[in-house]
C-alpha cells in the first residue's frame, strides 16, 4: 500500500511567548490541511508527538485536546519517545493507514518549552535519560560532551571541525523564514561562545524552542487527485538502544540509528548515496557528525571533517543535510522536530523550499533521535512526480 | 487479518512500595511471555501505555527503557491518552500488526503512583483535564460528582443505588488474588464512608494504585500452534470528545463511549446482548452506571438500578461486568488499567479465571476511558476454540 504525504506546515519556531499550545497546534494543523487540499471533516484520526507537556505544563491527553480543534472528535492519541516523539507519532500514523483502519490522518508534533523556568526545562529534558545518569548529575549537553570527547580522541577531530556543523546549519537557517535563528555564524563565533559542557560550547547546542508542525498522510491510491505534488513515504523504521551510555558498545556510533537506517535501506533497496537531502537530528554538533557516518553518508571518523569541508552544504554538496537549519538553527521544540523534518523534506521534494531549495531532490531522509540515541526513527521519502 | 492474543499477565495491583517500575514491567512482560509460550527474542516491538511517569517521576521514553528488559532493543514507544493509555497502546499495537510491520508484539501498561506525595498525584491526574476545569479548581472526583448529580436528578437514582456498583465490584475483587482490595463491602459501608465530592464517597472512588499488565499479540495465521487457547481481537475502536464537561451535549452519557462502541458493534455485527463478560472503566461508581447504558447493556437511566439488582453480578447476571473487581476493587494504576482489562477478558474467555470465572464466556468487551470521557477505547474479544 502506498502512503502519501499530501502536505504539511510548521509554525515559526522560536521563543513564542505570546502563543498558547492550542494556538500553535491550530496553526500547524490548519496550515497542513490547507497545504494538502484537505478539509478538517476528511481527517479520520489525529496522532500527536509531544514529550514535555505533561511534565512542564501538567497537560496530558493532548490527542483529545487537539482533536477538539478539528471539531469532529476523531480518534486521537499522543505518542512519546523523548525527542523522537514526532517521528514515532508518524510511525504509528503510517501503521494505522497500512492497517486500513484510517484512510487520511493528521500527524502533529508540538512543544511549548520557553514558558517554563530554565531548571524545570533542564530537569524535564532529563526525563529522556536513565536513573543512573540522572543520579550522576548528567545533563544532555554533558552526555553528548562525553560522546564528543571520545569521537575527537578516536578520530583526531578538532573542536573547530565540530563547529563546522553549526556554521553550516546557521547558514541554512539564514535561508529559512521559519527558523529560530536566521543569522550566519563563523567557526570563530562558535569557538568563542560560552562553554556549556567541555568541549561543547553554546553554539554547538540546539536551543530551547516553541513550535508545532503537522502533516496530512493518506492511503488514497490516487493522491494526485487531491494534491498535484504528493510525496511518498517509502520507509518508516524504528530501533532502540539502552537509555544509558554506559551500557553501549560504542560511544562514537549510535546503534539505534545504524539499525533503523540499515533496515530502511534494505527494505527499499535505496542506498545512502541515492539520497539528495536529509534532515538530521543535530541536537548537538557532535550528533550530526556521527549521524552522517551512521547513515552511511560519510566514512567513519570523517563526519565532522566532511561537514566542515562543505560536503553537506547547500549548493556545494551532493547530499544536503539540514537545509531547514536543523535543530541548531531552525530550533528544537522537541515533540515538533520529527514532524518539522518531514515538512522540510516534503517541501524540498516538491521544489517549493525557496532560497534553501536543494537541486534535483528526489529522495529524502529524516533522522529523528530520542535521548542520547535510546531510540531512532528513520523515514525515507520520495517525490512522486 | 486475524489478530490474536497469545497470553497475558498482571502483577499484583496495590500499594507496591517495595517494587520499582522496572521490576513491575519485567514481571508483567515476562509473565505475559511465559503465559503465551513466546520467547523474548520473538518479540518484534513494544508498545507501552503510561500516563504519569513523566509527570510524577520525571521518567519519559518508557518504550526504550522497558525494551532494555527484552534484551534485543526492538522498536518501542509510549502511547498516552490519560487513563485510556493502555487501551490506546493496544490500538497502536494492533494497527502495526495489521499493517504487516511487525508480527508479534508486546503491549505493556504500567503505572507507579504511590511513591509520590498525594497532592502531586491529584495534580498529576488533573493533567487529563482541561485548563478551564483546572483553573476552576476541579478534580476528577469533583467532575464525576457533577455527572452523578445530573444523573441522579434526571433518572431519580439514589446514592444507595450508585453504591451498588462498588458493592458488586468489591464482591468480584474478593475472588481475584491480584486485586488491591479483596474484601466484600455493603451498601451501608459505602454510605458511611467519608464524603469525597458530594454525592461521591470514598467507596464510590477507585484507589491510587501501582501495577503493570502485559499481553502478547500476534498476526500469526495459526496462533493455536503457539498457544492452545488463543483469543481473537475482533474490534479496536477509539473515539474522542471535548476535555471539558461544559462543552458536552449531555452529562449523563459519554459520547466517546457511545461512538466507539457503536462502531465496534457495527464493524463486527455483534450486539451488546451477545456479550457475556465486560471490563468497565469504573473510575467512580457513576462511571459504570453510565457505561452499561452507553454500551447498550442497560436502558437509559437503568444502569445503577440494574447493577444494584444483580444484573451484572457473577453467577446471577447474564452479562458480568468487572469480574476482576474493576478499577474500584482490583485497583487503578492508570496506564496499566486498559491492559489489565484485556488480561482479565482473555482469562475469562479461556476459562482460567478461577473463582471469578464467568460461565460460557465466548465474547468479551473492554471499555477504557481517559479523562471524564475525552477519549474512549473499546475492544471486543472472542475465544477462538
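The values are calculated or read from the model by the stated rules, or taken from the named source; none is laboratory data. All values derive from a computational prediction rather than experimental measurement. Methodologically, a virtual Cβ is constructed for each residue, glycine included, from the backbone with ideal geometry; neighbour enumeration extends over all protein chains shown.
The residues of segment B:87-122 that are farther than 17 Å from residue B:340 by Cβ, in contact with a helix residue (DSSP H, G or I) (Cβ under 6 Å, 6 or more places away or on another chain) and more than 12 Å from chain A (Cβ to nearest Cβ), listed by number, are B:104, B:116.
Consider segment A:44-69 and keep the residues that are surrounded by fewer than 24 Cβ atoms within 10 Å (Cβ to Cβ) and more than 9 Å from chain B (Cβ to nearest Cβ). The one that is modelled with the lowest pLDDT is A:69.
Going through B:169, B:119, B:156 one at a time, which residue ends up being surrounded by fewer than 18 Cβ atoms within 10 Å (Cβ to Cβ) and at pLDDT 95 or above? Outline the logic, then answer.
On the way: B:169 fails: surrounded by fewer than 18 Cβ atoms within 10 Å (Cβ to Cβ); B:119 fails: at pLDDT 95 or above.
None of the other options fit; the residue is B:156.
Looking only at segment B:259-275, residues that are in contact with a helix residue (DSSP H, G or I) (Cβ under 8 Å, 6 or more places away or on another chain) and surrounded by fewer than 19 Cβ atoms within 10 Å (Cβ to Cβ) come to 3 in all.
Residue A:126 falls short on exactly one of the conditions (1) more than 30 Å from residue B:21 (Cα to Cα); (2) part of a helix (DSSP H, G or I); (3) at the interface with another protein chain (Cβ under 9 Å from one of its Cβ atoms), and that condition is (1).
With the condition kept exactly as written, say whether any residue in segment A:25-43 is out of contact with any strand residue (DSSP E or B) (no Cβ under 8 Å at 6 or more places or on another chain), in contact (Cβ under 8 Å) with a residue 40 or more places away in the chain and farther than 20 Å from residue B:64 by Cα. Yes: one or more hits. For the residues A:306, A:282, the requirement of being in contact with a helix residue (DSSP H, G or I) (Cβ under 8 Å, 6 or more places away or on another chain), within 23 Å of residue A:153 (Cβ to Cβ) and surrounded by 24 or more Cβ atoms within 10 Å (Cβ to Cβ) singles out A:282.
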